[in-house]
Amino acid sequence: MSEKMQFPMPVTLKMGELMSSEEFFQFCQMNDTLEFERDSHGNIILMSPTGSFTGNFNLRIAGLLFQWNEITQTGLVFDSSTGFTLPNGAVRSPDVSWVCNEKWDELSLEEQEQFAPVCPDFVIEIRSKSEDIKYLLDKMKEYMAHGASLGWLIDRFDNKIYVYRPTGCIVHDSLNVALSGEDVLPGFTLHPGSLIR
């Protein structure tokens, strides 16, 4: 019986400073069937597509946040294909994110059309089967260090939820918890365990 080939994901392509921000944006547009991120050193990170279960889980969470935002009208909700340029130069694509109106309105139309130079106020990363947990933990720390006010890392494979604030991280050893948007998303709550089917 043949063994399945397995590649550790994500895959990092060492690039250094070979591409400017504009060239990286164009590179992503030319290869729009693939998912890329870029670290603060300019290296390109090739992301794996999520499995169907994880994709549905992501969408259900994003849908709940979208419904909350439609009522409050306090910001904009973004999906997992959206790239943001963080202050350290990295381009990251959270699985679900939210930017308050004040931050978004400060951007020019040109900036909004590209990988907007802003760190979302709220981010959610949802671990897929192919993703290394250390990579996601490092991303969450990066978001917090560059302007995010609240972040959730949901790891259904290890049955953990990491709640990040700029002051630190709290870990829940269960998906059956009620997550609060706190003062960042007032009135928004999420029960991840109830979304597992």
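Which whole-Hz couplings ³J(HN,Hα) result when phi for each residue of the stretch 177-194 is put into the Karplus expression 6.51 cos²θ - 1.76 cosθ + 1.60, θ = phi - 60°, listed in order with x for Gly and Pro?
Result, ordered by residue: 10, 9, 8, 10, x, 6, 7, 7, 10, x, x, 8, 10, 9, 10, x, x, 6 Hz.
How high is the relative contact order of the chain? Use alpha-carbon pairs under 8 Å, at least six apart in sequence, and give a whole percent.
On the way: 337 pairs, mean separation 29.0, N = 197.
Once divided by the residue count of the chain, the mean separation gives 15 percent.
Given a cut-off of 26 Å, what percent of all Cα-Cα pairs of the chain lie beyond it?
The calculated P(r) of the chain puts 31 percent of pairs beyond 26 Å.
What span do the alpha-carbon atoms of the stretch 99-166 cover on each of the three principal axes, reported in whole Å from largest to smallest?
Result for the stretch 99-166: principal-axis Cα extents of 41, 24, 16 Å.
Using the charge dipole of the chain (Lys, Arg: +1 at Cβ; Asp, Glu: -1 at Cβ; taken about the Cα centre), state which of T12, N56, P94 has its Cα farthest towards the positive end.
Value: N56.
Quick check: the distance between the Cα centres of the stretch 121-197 and the stretch 32-77, to the nearest angstrom?
Going from one Cα centre to the other spans 13 Å.
So, with +1 on the Cβ of K and R and -1 on the Cβ of D and E, and no other charges, what is the size of the charge dipole of the chain about its Cα centre, to the nearest 20 debye?
About 860 debye.
What pairs from K139/K160; K14/K103; K14/K129; K103/K160; K103/K134 go past 21 Å between their alpha carbons?
Long pairs (Cα-Cα over 21 Å): K14/K103; K14/K129; K103/K160; K103/K134.
Express as a percent, rounded to the nearest 5, the fraction of DSSP beta bridges in the stretch 76-197 (both residues included) that run antiparallel.
Restricted to the stretch 76-197, the bridges split so that about 75 percent are antiparallel.
Taking only protein heavy atoms and a 1.4 Å probe, what accessible area per residue, in Å², does the chain have with all protein chains in place?
Accessible area per residue: 55 Å².
For the chain, give the percent of accessible area contributed by carbon and sulfur heavy atoms, probe 1.4 Å, rounded to a whole number.
53 percent
Take E70 and N88, extend 7 Å from each Cα along the Cα→Cβ direction, and tell me the distance between the two endpoints in nm.
3.7 nm
The values are calculated or read from the model by the stated rules, or taken from the named source; none is laboratory data. Note that the structure is predicted; figures quoted are calculated from it, not measured. Neighbour counts are summed over all protein chains in view; Cβ atoms, including those assigned to glycine, are modelled from backbone coordinates with ideal geometry. Note: accessible area is taken over every heavy atom of the protein model, side chains too, but ligands, DNA and RNA are not part of it. Shrake-Rupley method; radii C 1.70, N 1.55, O 1.52, S 1.80 Å.
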